[in-house]
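Taking it in order: structure first as structure tokens, then the write-up.
The values are calculated or read from the model by the stated rules, or taken from the named source; none is laboratory data. Values in this document were obtained by computation on a predicted structure and should not be read as measured data. Because the Cβ atoms are built from the backbone with ideal geometry, glycine has one as well, and the counts that use them run over all protein chains shown.
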Amino acid sequence: MKKARSRRWLRVVVPPVAALLVVITGLVLYQWEQPDEDDAAYLSPVSTAAIGASTLADRVRAAGVTIARVGSTADAFLAENRGDVTILLTTPQFVHPEYLRRMALLPGSTRVVLVEPSKQTLLRAQMPLTTGRRALAGSVSAPGCDYRPAADAGPAGIHRTSYGPVDPAAEEEFARCYDDSLIVFSRGWTTTTIAGSADPFRNDRIGEAGNARLATSLLTTRPRLVWVDLHRHESPPEPVRDPAPPVPTATRTPSAEPTATPTRDQDLPSSGPSRSRGAPPSPDPGATQAGSRGEPANPLWEAFPAWVYVVAVLLVVALLLYALARARRMGGPVVEPLPVVVRAGETVTGRGRLYQRARARDESLRTLRAAAVARMARLLRLEPGTGRATLVAAVAAHCGWPPEVVDDTLFGLPPVDDEALVAAAVRLEMLTEAVTNEQPHAEGARR
């Protein structure tokens, strides 16, 4: 009758596999629940969906601000939209990096608001800061600053992505609120605001905590709001369509020239030092950003979402647990008959030939001496770990061999050839027999 196969390995394999499936299911459901930024309804001022922003748009219009909805950043850069305006980028990762870099050349009366830009976006735009940690979901936190829109709104659910410090050598930081999730800083002539979460702008989250007041305050500091409703990656700028960057001050007409030193916004903290901007920044953004971030991050880590690495780590852990489960016995040893009976003499001969082929003379004699020493110590009732001198004296006194011969037999030099190995093994066997039989061997002693 065939013996039933053991199912004991399931006890070790099933729990980690079940835990892995739960984690993977949770990650998949989490990603499924996250809004798609390429969805036309995402933070759109005309969308009434849960991820839309029509409620915020209505509140902005009620505050007396005119909203101009555009479908590209190039439209936001048109002459009629430049100056004394707020530009809202709800999906900055879709904006071409050249447009993001050109925003530093906008007039000082322009404000730019970016909603949760990623690390890649900040690096491509050559912003003077980078992202820190990003939580799985947004949370409500206190303002922790004296920036007027944040102080008036109170606790709000904008804390999700935190941002590092602004490089003081490149730009000036005006405000840092909500546990590093709301940053206001200068960039060229413009004032840039970075929001660490899209929750305060969404229809389904705007009513929580102080989200509505905070989002409305950020977008109503200017009489006009240009809402860039972008849901796909932009093409590079076209010189024919896009206006050229602001010309130097000396060539501008008085009517088109912005204020050389723009006035600080009233909602910015008055305690910080003012930044002098007598001239526009260098057209080469890399020159102003040198040394601000050090070495760029490894792009390989940004090529995949975070959950891919989590799943990879869990798979490695599961494989290690499976290997450990298969490597150790889950029960007592099982006695099984040997398929072939091998005589002891053949085993010794085969092992000896292996040693001979490897020319392991020293290892062979060392193994024989260790076995002989252990046997003699047991017969002479010596304590484990007895020293060399004590052991040699006891053996010599017991068998009558001279101590120097006993010492050379048990702890002598390694053999130089096969003949020396055979002679040392024969003498070791004679000494062992002398101790075992308790009869002195004068012939062996003389040798």
Task: Residues being part of a strand (DSSP E or B) and touching a residue at least 40 places away in the same chain (Cβ under 8 Å) - total across the stretch 153-162 - done: 5
Open item on the list: Tell me yes or no: at least one residue of the stretch 30-41 is over 22 Å from Tyr322 (Cβ atoms), at pLDDT 85 or above, surrounded by fewer than 18 Cβ atoms within 10 Å (Cβ to Cβ) and in contact with a helix residue (DSSP H, G or I) (Cβ under 8 Å, 6 or more places away or on another chain).
Closed with: no
- [ ] Hey, could you check the stretch 190-213 for residues that are in a helix (DSSP H, G or I) and charged (D, E, K, R) and say which is surrounded by the most Cβ atoms within 10 Å (Cβ to Cβ)?
- [x] Asp199
Task: Matching entry among Ser181, Ser197 (being polar (S, T, N, Q), within 23 Å of Thr55 (Cα to Cα) and touching a His at 6+ places or on another chain (Cβ under 6 Å)) - done: Ser181
Open item on the list: Condition first: in a loop (DSSP other than H, G, I, E, B), buried (at least 21 other Cβ atoms within 10 Å of the Cβ), modelled with pLDDT under 90 and of a type outside the set (Asp, Glu). Can you find one or more residues in the stretch 172-186 that meet it?
Closed with: no
Open item on the list: So, Arg102, is that one assigned to a helix (DSSP H, G or I) and closer than 27 Å to Gly207 by Cβ or not?
Closed with: no
Open item on the list: Could you tell me how many of the residues in the stretch 81-108 are over 30 Å from the mean Cα position of the chain (by Cα) and β-branched (Val, Ile, Thr)?
Closed with: 3
- [ ] Can you work out which of the residues in the stretch 105-152 that are assigned to a helix (DSSP H, G or I) and polar (S, T, N, Q) is nearest to Ala175 (Cα to Cα)?
- [x] Thr121
Open item on the list: Just checking, does the stretch 39-48 include any residue being under 14 Å from Ala198 (Cα atoms) and free of Cβ contacts under 8 Å to residues at least 12 places away in the same chain?
Closed with: yes
Open item on the list: Show me the helices (runs of 4 or more DSSP H) entirely contained within the stretch 347-425 in which 1 or more residues are among the acidic types (Asp, Glu), under 58 Å from the mean Cα position of the chain (by Cα) and surrounded by 13 or more Cβ atoms within 10 Å (Cβ to Cβ).
Closed with: 361-379
